[in-house]
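A short write-up of the structure that comes next.
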Amino acid sequence: MSSGNDCQPQTLSKPAFGEKEAAELVDRVFGLKVSWIRSLPSYDDQNFHVRVSAEGADEYVLKITNSEDSQEPDLIEAQTQAMMFLSAEGFPSATPYLTKDGNIMSLESGDTRPGSKKYMVRLLTYLPGTPVAKIATNAQILYEIGKLAASVDKVLSEKFQHPSVKSLHRGQFIWNLANVPLLDQYIYALGQNKYRAVVEQVIEQFKGKVIPKLSSFRACINHGDLNDHNILVDSSSASLENPQYRVSGILDFSDMSYGYYVFEVAIAIMYMMIESPDPLSVGGHVLAGFESVMPLTAEERGALFLLVNGRFAQSLVIAAHTALLYPENKEYLTITAKTGWKHLMTMFEVGQEAVEKTWFETARAYVQHAPA
């Protein structure tokens, strides 16, 4: 869900390739003949599911990065290298199919006109599975997602080395959770929405209670967007009453940046709340999984409630802003808003103390009765 490294998302930076043009791109850049192609939903890039008439793995995702982010090849290089690294480490991450020139990506023009925008193009292996958004989540998969979030950040922070990794220091990146205060300049997009006062309160609390504590949090590389559409699962048991799932795919590394471990668990909790019929119970299971790999400090735990609220605010405000730029994509852009506002209001009404009590008691129960 990136909107560039700058805090000013630009108008009309999203690619607009047709299916025929995308198929020709796959042929020209990667030397593969497309036998079937379908557009996939996306925030501000463009993605296509393609099948090719070639031996071996024959399904891919053609990812065409928006023109703004395409101006930062080092950043896209770092994201792609991180995906390759995670795959080599045993995580279900996509890997790139090399271009005809042997590169992991290629900068291509949108059309033949002079001065036309250029877009970074990659062809990634297609990962099978069902998005978490399409299943009824249970404690088991929420725990696994928390564990995954901590494991990804830990291995990236401790072992991932590449010259382009320095590009992940994205100071003004609007989706980095440290940058909730930057929402001030986008809040106009809510109009005089009845929830606007709540978002303003979230931002002020964040400025006063989270920003001063950042230096006490443990730093790491964040995936930054482990939402319910970016995690794929498949069933690992035939039981209909008590289904068991395993993570089969981690998608979309475009929000990767340097941040803090506690950011990742807050982001995962917020997005897992979105589809849940009992959203306040979600956090404890995700937290338990996360802390099985990376226990939080007292300072980090103390900020978790405000960080989850901060991510709700980011998602709701930036979606409203981006929907003004791309009204034709409004339904996808505001997918979180359908239940997001309701959950944010519930968090506010119940209050920090009661929500934390629910989360921390649930997480404590796992330590006392660790899952097999």
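The values are calculated or read from the model by the stated rules, or taken from the named source; none is laboratory data. Being a predicted model, the structure only gives us computed values, none of them experimental. Positions of Cβ are backbone-derived with ideal geometry, glycine not excepted, and every protein chain shown enters the neighbour counts. Accessible surface areas use protein heavy atoms only, side chains included; no ligands, DNA or RNA. Shrake-Rupley method; radii C 1.70, N 1.55, O 1.52, S 1.80 Å.
Of the residues in the stretch 238-261, at least one is part of a helix (DSSP H, G or I) and buried (at least 23 other Cβ atoms within 10 Å of the Cβ). Considering (1) open to solvent by less than 50 Å² (accessible area, probe 1.4 Å); (2) in a loop (DSSP other than H, G, I, E, B); (3) among the charged types (D, E, K, R), the lone condition that residue 153 does not fulfil carries the number (2).
The rows are residues; the columns are (1) at pLDDT below 95; (2) more than 22 Å from residue 163 (Cα to Cα); (3) not in a helix (DSSP H, G or I).
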position	(1), (2), (3)
77	no, no, no
81	no, no, no
100	no, yes, yes
107	no, no, yes
116	yes, yes, yes
124	no, no, yes
133	yes, yes, no
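Quick grid of which residues meet (1) closer than 20 Å to residue 83 by Cα; (2) open to solvent by 30 Å² or more (accessible area, probe 1.4 Å):
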| position | (1), (2) |
| --- | --- |
| 160 | yes, no |
| 164 | yes, no |
| 205 | no, yes |
| 210 | no, no |
| 213 | no, yes |
| 221 | yes, no |
| 225 | yes, no |
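Scanning the stretch 81-93 for residues that are in contact (Cβ under 8 Å) with a residue 12 or more places away in the chain and out of contact with any helix residue (DSSP H, G or I) (no Cβ under 9 Å at 6 or more places or on another chain), we see that the one that is farthest from residue 169 (Cα to Cα) is 84. Would you be able to say whether some residue in the stretch 166-174 is of a type in the set (Phe, Trp, Tyr) and touching a strand residue (DSSP E or B) at 6+ places or on another chain (Cβ under 9 Å)? Scanning the stretch 166-174, I find at least one residue that is of a type in the set (Phe, Trp, Tyr) and touching a strand residue (DSSP E or B) at 6+ places or on another chain (Cβ under 9 Å), so the answer is yes.
In the set (1) modelled with pLDDT of 95 or more; (2) open to solvent by 20 Å² or more (accessible area, probe 1.4 Å); (3) within 19 Å of residue 69 (Cβ to Cβ), residue 168 fails one condition alone, (2).
Residue count for the stretch 237-261, restricted to those that are over 17 Å from residue 164 (Cα atoms) and under 24 Å from the mean Cα position of the chain (by Cα): 11. Going residue by residue through the stretch 309-325, is there one that turns out to be over 26 Å from residue 345 (Cα atoms) and more than 19 Å from the chain's Cα centre (by Cα)? Within the stretch 309-325, one or more residues are over 26 Å from residue 345 (Cα atoms) and more than 19 Å from the chain's Cα centre (by Cα). Kindly check whether there is at least one residue in the stretch 180-187 that is hydroxyl-bearing (Ser, Thr, Tyr) and in a helix (DSSP H, G or I). Within the stretch 180-187, not a single residue is hydroxyl-bearing (Ser, Thr, Tyr) and in a helix (DSSP H, G or I).
The criterion of being farther than 27 Å from residue 215 by Cβ, among the small types (Gly, Ala, Ser) and modelled with pLDDT of 95 or more holds for residue 354.
In the stretch 337-372, the qualifying residues are those that are polar (S, T, N, Q) and touching a helix residue (DSSP H, G or I) at 6+ places or on another chain (Cβ under 6 Å), and the one that is farthest from residue 309 (Cα to Cα) is 362. All conditions in (1) in a helix (DSSP H, G or I); (2) in the same structural domain as residue 265 (by the TED database); (3) surrounded by fewer than 19 Cβ atoms within 10 Å (Cβ to Cβ); (4) not aromatic (Phe, Trp, Tyr) hold for residue 146, with the sole exception of (3).
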